[in-house]
Amino acid sequence: MRKLLLLLALCLAPPLHAADDYRDIKWEALVPKDWDPARDLKALDFGKLQDSDPRAMEALEKMKALWDAAPTVPAMAGAKVRLPGFAIPLENKGGKVSEFILVPYFGACIHSPPPPANQIIHVVTKTPAGKLNSMDAVWVSGTLSLQYANTPWGSAGYRLTADKIAPYEEAKKK
Amino acid sequence: MKAVLRLAALSAWSRRLTLGLTLVAIALAVTLLLAVERIRVDARQSFTQSVSGVDLVVGARTGGVQLMLYAVFHAGAASNNITWDSYQAIATHPAVDWALPLSLGDSHRGFAVLGTSADYFARFRYGDREELRLRQGQPFAGVFEAVLGSEVAQALGYRLDDRITLSHGLAELGPEHGDKPFRVTGILAPTGTPADRTIHVSLESISALHLDWVGGAPVPGVKIPAEFVAKFDLRPKQITAALVGLKQRGDVFRMQRFVNQYRGEPLLAVLPGVALDELWQGIALLERTLLAVSALVVLIGLAGLAATLLAGLNERRRELAILRALGAGPGDMFLMLTAEGVLVTAAGALLGLVLLTVASNLAAPWLLDRLGVVLGTRWPGREELALIGAVITTGLVASLIPGWRAWRMSLADGLTPKL
């Protein structure tokens with residue numbers, strides 16, 4: 001009888017590490033809903049501009065500045081999330097990556113202009129994550145926080161303390 | 001079973017010469033295989049360990065790998081210098097936490113001379129964010145003072161307060177700055193990184209050295225004695241590269257773009273991790289080829305083993321027939337031959353590991369000196385154990401052939417002399 005009770009208690013107790021502890025999010029969740037980078041550029045009709053047009057150059061500069069100062073979603077601070085992305089290693093500990101940058105699309109940052117500031121996450125792992133090459137796709141689970149530092153680009157930027165890093169696998173279709 | 005294995009061992013011992021030679025061949029092949037793997041892993045480790053905590057390496061526009069190679073590993077030559085003004089623009093950028101200027105190009109008896117700021121010793125990190133430690137003395141304070149890497153001091157037998165002369169260019173025969181000797185003020189503790197093979201001086205010292213030099217050669221008739229050097233403006237006009245640390249690492253791409261699109265002159269900023277990955281990708285094909293070739297050598301060794309065992313079968317007809325006559329079954333014959341093959345392979349692998357340890361200990365100083373690769377003595381890693389496992393498994397498969405032959409040999413085969 002006692003054994004049975006114990007078994008029952010075990011079944012009812014909340015699991016210590018539930019799989020849905022981390023909320024799966026998409027990269028769009030990191031962009032404020034009311035952020036409209038195109039607002040300032042609406043006056044321009046890009047279809048009518050030549051590449052060499054000074055107005056086009058100016059628009060490009062403006063675009064870059066907007067991208068650099070892309071705002072974060074304050075509500076995401078402290079959220080336990082899981083999201084996939086491409087890793088660019090920053091720091092190694094005994095052959096294992098301990099810090100890296102996570103970006104949403106392949107080729108971001110290295111071969112093309114970097115994505116907006118709110119689409120770049122600086123990931124710090126609690127325990128080094130194993131081998132990672134540039135642009136390896138991974139699932140990262142951990143706690144998000146906002147960076148606050150005095151830079152010319154404002155306080156934009158996310159940081160994530162990772163509990164778990166797993167190689168990316170395509171979700172199975174049901 | 002135990003008796004059969006014992007018989008196999010004793011029988012093998014009685015044919016120790018042939019089997020010994022086969023064993024040596026396998027041992028050498030295994031040594032080669034493991035050496036290729038170990039050098040591969042250790043070379044990566046050495047490179048990865050060389051720099052830590054640096055967000056961007058900045059230099060004149062060139063390839064990312066090349067910039068990384070000359071700025072951090074002092075291998076190869078810089079494509080161009082960058083001006084002090086550009087460096088200042090980067091170093092004082094609000095996103096930048098700290099920056100270290102690097103000026104390369106001079107050497108002392110084959111060791112690179114690095115001109116940098118006095119911050120270098122406090123800021124530079126390697127390995128797992130370890131600091132540079134001075135084993136003796138203190139950092140350079142003034143002009144014509146130098147701090148030696150541990151290996152420089154050891155190889156050239158320098159001690160504190162010794163006077164050394166620097167020469168121009170990396171060649172040992174380059175013209176010397178003979179009139180301006182440097183005093184050794186400090187010696188670094190060993191790090192296992194390029195810092196060990198570097199002589200650190202201040203940027204002002206580098207300027208002072210070249211005061212009476214124009215266009216890479218001393219100007220005839222112009223001599224500025226060391227004691228008058230202080231009267232000149234020694235502020236550096238150009239440097240070779242810079243290491244940059246940011247206030248927050250998430251800004252690294254924005255800063256990289258700021259540098260790459262700097263209007264003043266063409267500059268390049270690379271993330272050390274990304275540049276190293278590019279380097280590995282570049283040499284991955286070479287590594288795989290080397291590994292494949294050494295795997296082939298192991299296969300040849302094991303084929304030799306199978307051949308030796310097969311050839312031995314003919315000589316051992318009597319032996320096997322007597323064993324059969326005494327009651328051993330065909331299965332025992334199979335086990336005996338296979339066990340012999342596996343035994344020789346395993347012994348060969350073990351001997352190979354011992355050989356590798358001895359050889360790497362002997363070669364380590366040379367490798368460090370010539371290639372800057374730190375070869376560690378250690379227990380075999382997971383990859384190496386996997387390789388050894390693969391060798392022994394292949395050895396087992398190779399031994400199955402003579403085993404099968406012995407199994408098929410009939411009882412009467414060895415007892416009836418064929419004429």
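The values are calculated or read from the model by the stated rules, or taken from the named source; none is laboratory data. Note that the structure is predicted; figures quoted are calculated from it, not measured. Reconstructed Cβ throughout: ideal geometry from the backbone, glycine too, with neighbour counts over all protein chains shown.
Summary table
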| item | result |
| --- | --- |
| So A:S145, is it over 22 Å from A:D36 (Cα atoms), within 16 Å of the chain's Cα centre (by Cα), more than 8 Å from every other protein chain (Cβ to nearest Cβ) and at pLDDT 75 or above | yes |
| Yes/no for B:I199 being touching a strand residue (DSSP E or B) at 6+ places or on another chain (Cβ under 7 Å), outside any loop (DSSP other than H, G, I, E, B) and at pLDDT below 90 | no |
| Residue under evaluation B:V24, criteria (1) buried (at least 18 other Cβ atoms within 10 Å of the Cβ); (2) of a type in the set (V, I, T); (3) under 30 Å from B:W379 (Cα atoms); (4) at pLDDT 90 or above, criterion not met | (1) |
| The stretch B:257-297: number of residues that are hydrophobic (A, V, I, L, M, F, W, C) and not in a helix (DSSP H, G or I) | 5 |
| When residues of the stretch B:94-121 are limited to those that are crowded, with 19+ Cβ neighbours inside 10 Å and within 14 Å of chain A (Cβ to nearest Cβ), the one nearest to B:P181 (Cα to Cα) | B:V96 |
| Odd one out for B:E319 among (1) acidic (D, E); (2) closer than 30 Å to B:Q49 by Cα; (3) modelled with pLDDT under 85 | (2) |
| The listed residue being assigned by TED's automatic domain parsing to the domain that holds B:R125 and in contact (Cβ under 8 Å) with a residue 60 or more places away in the chain, out of B:I26, B:I82, B:I39 | B:I82 |
| Candidate set from the stretch B:265-294 (those that are over 21 Å from the mean Cα position of the chain (by Cα) and over 16 Å from A:F100 (Cβ atoms)); member that is farthest from the other protein chains (Cβ to nearest Cβ) | B:E265 |
| Pick from the stretch B:128-157, criterion in a strand (DSSP E or B) and among the hydrophobic types (A, V, I, L, M, F, W, C), ranking: nearest to B:F73 (Cα to Cα) | B:L148 |
| Count - residues of the stretch B:158-169 that are assigned to a loop (DSSP other than H, G, I, E, B), surrounded by 16 or more Cβ atoms within 10 Å (Cβ to Cβ) and of a type in the set (A, V, I, L, M) | 1 |
